[in-house]
Every structure is written in structure tokens, then in C-alpha cells.
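The values are calculated or read from the model by the stated rules, or taken from the named source; none is laboratory data. Here the structure is a predicted model, which is why all the values come from computation and not from measurement. Neighbour counts run over all protein chains shown; Cβ positions are idealised from the backbone, glycine included. Surface accessibility is based on the protein's heavy atoms, side chains included, excluding ligands, DNA and RNA. Shrake-Rupley method; radii C 1.70, N 1.55, O 1.52, S 1.80 Å.
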Amino acid sequence: MKVVLVAVLSFFLFSQPVHAGYKAGQLNNGREQIQLDGQLNEAVWSSVEPHTQFYQTQPFDGVAAHVRTEVRILFDAQYLYVGIKGFDPDPQQIRDSFSRRDKISIDQDFFGLFIDPSGAHKSAQVFYVNARGAVMDGVYGDMTGDDTAPDYDFDVATARFDGGWSAEYRIPFSSIAYDKNSKTPWSLLVMRNMTRDQRYRMYSGAVTRATSCNLCFSDPIEGLTNLPSAMNWSATPQLVARRMQEKVAGSPDKQTRSHDVSLDLKFRPTSAITIDATLNPDFSQIELDSPQLSGNTRFSLFVPEKRPFFLEGADIFRTLFNAISTRSIANPDAGLRYTQRDADRDLSILTTRDAAGGLVLIPHTYYTAYANSPVTSTATDARANFRLGALSLGMVATDRTYAQDRGANRVIGPDFIWQMDRNQLMRGQLLMSTTTAHADASGNLVRGPSLGGHAAYFDWFQGDDAWAFSTNLREISKDFRSDNGFFSQVGYRSVNAEIQKKLGRRGMLNEFNVYVGGEYKLDSDGRILSKAISPGVRLAGPYDSSAYVSFSPAVQSRVSEEGSAYSVSRVAAGISASPNKTMARVALEASAGDVIDILANRLGRGGSISASAKLRPQDRLEVEPSYARSWINKRGGSDDGVRAYTESAIQVNSIVHLSAQDTIRMILQDARTTRNRLLYDTVVVPESRRSVRSFVYTHRTGVGTATYLGWTKTETEVPGFAGKKEQAELFAKLSWQN
């Protein structure tokens, strides 16, 4: 027994893949310098052994890359330098589009660095650059993909050479979170993307599409020693000036002006520790949230975080449940955050003071309710994650305490991720909550009895070149609540599973997969919420195209506690592709069949359709239109087939690139919902409309240093219920980082 325990422990602690690695060369300070021009023509680059072994993952797995890529690494006392040369048999076809920061897309030629200073193969800082020199950065995790919200201070230049293009990165060590004293070497995975008649996705490690751990194929960087750990800091003051005008039908016009000054501070006492503070932050959003169809849903919709202060260490807060969602902090006036990244653990603690007036989600089994916080509150979130080889153990704790003794909400619980091998993964999380803040009859939070609840999650995935299996189990008690997180539904238990057969290449298709998925979901009293078996087909082909068709022939679904479960049949399909540089990406999705009209609690016939595109009619112009529409027709009786409900949303996002630092962004956004009140037994709003017009000029000279000049106009109208309301805002936002 003792031998078995030792063997199991050794597996957890030491089972990591072994690779040949990169070799980093050290610059002779004062004698050797890199001119950042993208050309890699300094003699010192030639003295470094290149990494040239790349593997193709798309369109085909398990084959050597069909084009040559060379990666070299240098460093000095301040910077990490990475030089990449990408050879191309037809350089005229290189897609080098203009792009805003963090907007590089898969239709372009680009390089990506996945730098993992811990060497644990769990997460990495990512630094992308396309052939034009546009950049994208953030944090990557195999479970979450890219999070491009964080921005890091780094420089990169690109250039052309006979037979391809090249890039030179210069990344300050102060922009990388690492433990200087760790004996584990850094890991690096390099990705190269090129899209022609196919999308060619290549990695410096033998990554496969079946793997659940891309970072497991990272290679160690040898020779990266005696790294700096000096203290550094930055201050980013911001000035925002606004002029707002409001017009409401039947009321006098209102005009207001405001000027606000805020300050963000960042202090790094060591290379592993970052302390962030904010005073009177301005959280106005330069980027608009994309419109979402919400007229026929019972539950609140999730909105991602975009505010800069909350982005440091945001990946540490991400768990299987949305136990921490900083968008729940509606209007903070001050905040403090501590983040530490060591070789074997991550830790982040955030506390903020949130102003009164914010909405608090009160989830239920069949709908999401809201309560108003009439007082200030203090929100505190903490998350720790410990790496033990293939196993990660974590703990999350949150607290929301409301002023004037109006109660509190607290959540705590462990989680784990076990990367059993490169193709097999097991995860779980358990949360326990205690709540004494409850909504009274007027919808305000007041102190009440202490209620406890729990939320449990477990999933397992295994896949190879022929098959893929996954299962997911959840149970959330009806009294569970997380005021610092995002839970739109509680009081249920569910099991989801899918089995997929991979039939491989078929003619012009790169992939041909068939699958069967299923769901079984009960409420706390044992009633069926959802029961479904859904077979389908997934395809992938040339021009980075993909398509799917899914059938749901006999779904049972319940939308209210009093009603019975409906039997629903639906079919859904979608297709997307990257035809050429001008039509960079197009996508279309549609569904049709039975639809439950939530407001009427009845079954109807209807469907939905959504379409989007990324167009580049000229080199400096991007146009991104999107359209979504859903509808329900009454089913049965004398009104059979009559339209009961329609909702649509359209957005056109246009970007003009005046230069690498200057852009003009214009957004037109319209949403409309209509209902036939003759087909409803209750009072309904027959029509509501909302439109947004936004114009923003941006001049960005670096991370934290930018100028924004913008105008936004919003119009809303609910005929017969609320008159037309117009709100216009003219603003200037200046931020500069010292």
C-alpha cells in the first residue's frame, strides 16, 4: 500500500512532458544591442541556435509544418527578446491587415508567444503580432482560451524579407509575472497562423486537435538565468470631461456637464508580486457591449469585464463556476488588489467599496430576480491556486457586506483540475454560501434570516483521433447565492454528456464528425426542467470553413413551477468561413421548430437566425456587421400561425485606421421587440425600440497612455407606455502612464 501511495504521489508531482527546449542567448550589456526593426540582421541573432521544429494542427493533425519557421531567444538585464522568421512560398499572399490592439483574427498571418514562467503548463501570458505589426496580448488557459482584456507593456516590429516575414519582440521583464528564485525553467509555445485556401495553424510543439492541454506541448527555455527582480511602479492619472443632454417627450430638456479625475497605481515590489490601487475610477466604457436577444428569456445574461483595474490577475479569478464576476461591482469609488504568481501557486485578493444603487442578482430556479442595494457595500474576493504537477488545487472566498447592517453574502469553496494526460481531463468545484441580505417587499436589500446553500460541479473529458467523450454534473441548491459572482439560475441538478465519433478526412473535408449529446435536468423538487437527446454532425473544410447540423427531436422543457413540461422538436445549423482578405470572415446560424413563449407560458412555432461578417473593402477600413432575429408564431386554435413575438438586433461596427496609433470607430446599433397583445392573456408591451450611435476617435501611444474623443447618442421608446427618450453624450478621456 505504501509503494502504491508513493507511486501515485510521484505521478502527480513529477509527471510532465520532456522536450528538447529553446536555447536563450545573453546579450553582452553595453556591447550588443538589438535595433527593433523586425529584420533580425544583428550578428548576435545568428549566434543563437534557432528552434525550427514546427507541427501542423490545422487543417491536418500529426504532420510536420509545410513551411519553415525559425524562433530565436535573447535576453539582457531588462528585456526578453524573441525573433521569429516565417518563410512563405508565396509572400504576395501574406495577409497583413491593419488591426486595432487585441483585434487580431484568424484570417490574418500572425505569430503568437505563449510564455509560461512557472513551467507548470496551466496558463501563459500571450503576445501576438500580425504581419502588419498590430498586437494582441493577454492571458491564455487551456480551459478558458485567450483572455485579451489585460494589456502589457511590450514592443514588437515586423518586416518583410525575400521569402517571408519576420518579427522582433522586446518584452520587459517587468511585464512578465514570475518567481525569480524558481528553479523550474520557463516554458514557451510558439504559434504561427496563415490563412490561404486553408487555415494553417502550426505550433512549436506537437499540439493536436484532440488534446485538452495545448500548453503541455510547451518547451523549456534553457539558459534564462540571473533574471532581474527590481522594484518598479507606474501611475496612470485619467481626466474625463463630459457634456450630456437628455430629451424626454413631455418634459423639459436637461443638460449637465462633469469633470472627473481618477488615478490608477501599480506597484511591483518583486517580479512575482503586483499591487494595484484605484481612486475615483472612471469606468465609462469606450467599447460598447454587443446587443443580445433577451426578450424571450427568463434569466440574466452574462456580460464580460472590460474595465482596466479589474484585469490584473483576472485569469486567477476564473473558475468552473462564475464564483467571481467583477461586473457585479457596479460603481466602485476605490479599490485595492494584491496579486502574486510563484512557481507553484497563484494568489489574488481584491477589495472595493461599491457605491449605493447597484442591482444585485437574486437567482431562482425558473427566473432571475433583482434587488436594489440602497447603501454602499464592500466587496472582497480572494482566490488561491496551487500547482502539484498534473494536479491543480484551488480555493475561492468572496464577501459582500452591506452598510447600515443590511446583511451580507459570503461564499467559500475548493476546486481542482487534474490533467490526467494530454487527452484526458477531470475538474470539479464545491461552493458553500451564507446569506443574510434579502430583498424586502419594495425590492431593497435588508437584513434577514441566515440561509445557506451549495453549488457543486464535476466534469470529465477524454479524446483521441477517433473518439471524444465528455460528461458534466451540476447541482445548485435553491438557497445558494453569490453576490460577487454570476449565477442566473439555482435550485437544480443536471447531467450533460456527449460522445463524438471522428471519421477523419472525407474528400474535400478536413474533418467529418458525428455526435450525440444529451441533457437531464431536474429542479429541487424532482420535476423535469429539461430532458433531451440531440444527434448532430460537425464538418470542417477549406477556407477555414466549418459547419454543423444538430437535431433535437424530442426535448422536454419546463419554464414555470406551475406549468407542465413541454415537448419540443428543433433543428439548428450553422456555417462559417474565411473566403479571402476582403471577406475575412462570414458566419450564419439558424434554428427552427418548436419554441416556448416564456411570457405566455405556451408552446409555439418559430426560430432564430444570426449572421455576422468581417469585411475589409479597403486596406485601412474594417466593417463588422451583425444581425440577429428570433420569432414565435402562435400554435393551434383560430390564431394558428399568427406572429406573436419578434425580436431583432443589428449592429454595424466600422473602423478606419488613420495610422498605427490613430483610429476612428463608428457603431450603429438598433434593437426592437414586438408582441401581438391580442395573443396574450396578460398586459404586454406591444413594441419597444432602442438605438445607439457612437463615434470615437482614439490616439494610443502606449499601454495606459491614450486620448479618446467621442460622441454617443441613445434613443429608447416604448409607444403607449413611455415616450421617446434621447440621451446624447460628448466626452473626452485622457490617460497617461508615468
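Only one residue of Gly507, Ser552, Leu668 has its Cα farthest out toward the positive end of the dipole of the chain, where Lys and Arg carry +1 and Asp and Glu -1 on Cβ, and that residue is Ser552.
Just how far, in whole angstrom, is region 532-585 from region 115-140 if you go by their alpha carbon centroids? Value for the Cα centre distance between the two parts: 32 Å.
Can you give me the angle between helix 2-14 and the longest principal axis of the chain, using Cα atoms only, in degrees from 0 to 90, rounded to the nearest 10? Taking the Cα atoms of the chain, the angle to 2-14 is about 80 degrees. A convex hull fitted to the Cα coordinates of the chain yields 181 cubic angstrom per residue. Each Lys and Arg contributes +1 and each Asp and Glu -1, all at the Cβ; summed about the Cα centre of region 624-738, the dipole is approximately 40 debye. Protein heavy-atom accessible surface, 1.4 Å probe, per residue over the chain: 45 Å². Heavy-atom surface analysis with a 1.4 Å probe gives region 97-150 a carbon and sulfur content of 48 percent of its accessible area. Here the simple spin-label model places points 7 Å from the Cα toward Cβ, and for Asp670 and Lys180 these points are separated by 5.9 nm.
Report the calculated FRET efficiency for Leu239 and Ser638 (r = Cβ-Cβ distance, R0 = 60 Å), to the nearest 0.05. That gives a FRET efficiency of 0.40. With all pairs of different C-alpha atoms in the average, the Kirkwood value for the hydrodynamic radius of region 117-188 is 13.8 Å. Placing a label point 7 Å from the Cα of Thr582 along the Cα-to-Cβ direction, the residues of region 629-665 with a backbone N closer than 20 Å are 653-657. Applying 1/(1 + (r/R0)^6) with R0 = 51 Å to the Cβ-Cβ distance of Leu658 and Val549 gives a FRET efficiency near 0.70. Straight Cα distances below 12 angstrom link Lys581 to the aspartates and glutamates Asp96, Asp107, Asp109, Asp197, Asp619, Glu622, with same-chain residues fewer than 8 positions distant left out.
Under a model in which nothing but the beta-carbon of Lys, Arg (+1) and Asp, Glu (-1) is charged, region 368-471 shows a dipole of about 340 debye around its Cα centre. Pairs exceeding 31 Å between alpha-carbon atoms, taken from Lys23/Lys122; Lys183/Lys266; Lys103/Lys247; Lys501/Lys531: Lys103/Lys247. The equivalent ellipsoid of region 154-241 has semi-axes of 30, 23, 16 Å, largest first, where each one is the square root of 5 times an eigenvalue of the Cα gyration tensor. Equivalent-ellipsoid semi-axes for region 599-661 (Cα gyration tensor, √(5λ), whole Å, largest first): 41, 9, 7.
Within region 661-738, the chymotrypsin sites (Phe, Trp or Tyr not before Pro) that combine a DSSP coil assignment with at most 13 other C-beta atoms in a 10 angstrom radius are Phe721.
Sorting 180-186, 202-208 by average packing, meaning the other beta carbons within 10 Å per residue, from highest down gives 202-208, 180-186.
Out of the total accessible area of region 562-641 (probe 1.4 Å, heavy atoms of protein only), what percent is carbon and sulfur? Within region 562-641, the accessible surface is 57 percent carbon and sulfur. Full extension of the chain segment joining Gln35 with Phe299 gains 89.6 nm, where the gain is 0.36 nm per residue of separation less the Cα-Cα distance.
Carbon-plus-sulfur accessible fraction, region 295-431 (probe radius 1.4 Å, protein heavy atoms only): 60%.
In this calculation the C-beta distance from Ala369 to Asp465 is compared with R0 = 45 Å, giving a FRET efficiency of 0.45. Identify the residues of region 697-719 with backbone N under 19 Å of a label point that sits 7 angstrom from the Cα of Leu734 along the Cα-to-Cβ direction, or state none. The answer is 697-711, whose backbone nitrogens lie closer than 19 Å to the label point. Taking 30 Å as the straight-line reach from the Cα of Lys254, the lysines in range (excluding those fewer than 8 positions away in the same chain) are Lys306, Lys713, Lys724, Lys725, Lys733. Relative contact order of the chain: 9 percent, from C-alpha pairs under 8 Å at least 6 residues apart in sequence.
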